[in-house]
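Below is one structure, written out as structure tokens; comments come after it.
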Amino acid sequence: MKLPAVLHSLNDDTKQCIMEWANMVQAKHISDVVDSDDDDNITYFGDPLLIIEWNETGLIQRNVQKNTVVNYIRTFQGCNPFPGLGRLPSGSLFYIVDTQNIEAQQIINNIIYGLQRTYARINVPSLGKVYSVFAERRDKLKVGEILGVFSL
């Protein structure tokens, strides 16, 4: 699978974790497909990944602790640390899954709304960039930057 160009600026560890997530989502959702002869055209679109590319300078200039933001994001039901399995969770990657009451996309919307209300300011350095990533097909990730989260 090829990483979309918009994510090339991320560090190598984050890129590797994104690829691990994509493989995990593919494996999880392949069982949802019943007897398909065309695996390349299976649409997965489950369990998105929320990514923050932190601006360390902006965090320092605005006196915001990254852990405070990360802990806030992790309070949302359906937001799971990533990666798991005995490794330290990333402060940049958040694996979002549907819950019994809320779909993953709505959880992302709720997280973004809370971050905007708390951190979006005019004429200040941004705390970082935010992306949502979906495994669209076996070899394709769909990425979108979410604007206006940490600065306006």
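Structural remarks
- Each of Arg74, Arg87, Arg117 was scored by other Cβ atoms within 10 Å of its Cβ. Listed from fewest to most, they are Arg117, Arg87, Arg74.
- Net charge contributed by nearby residues that have their C-beta within less than 15 Å of Gly58 (K/R +1, D/E -1): +2
- Residue order, fewest to most surrounding Cβ atoms within 10 angstrom, among Tyr131, Tyr72, Tyr113: Tyr113, Tyr72, Tyr131
- Loop sites in the range 93-152: GluC sites (Glu not before Pro), DSSP, at most 14 other Cβ within 10 Å: Glu103
- With neighbours defined as other Cβ atoms within 10 Å of a residue's Cβ, the residues Asp98, Asp47, Asp12 order from fewest to most as Asp12, Asp98, Asp47.
- Stretch gain in nm, segment Asn110-Asn67, where the contour uses 0.36 nm per residue and the Cα spacing is subtracted: 13.6 nm
Coordinate-derived values only; no laboratory data. Small disclaimer: the values here were computed from a predicted structure and weren't measured. Positions of Cβ are backbone-derived with ideal geometry, glycine not excepted, and every protein chain shown enters the neighbour counts.
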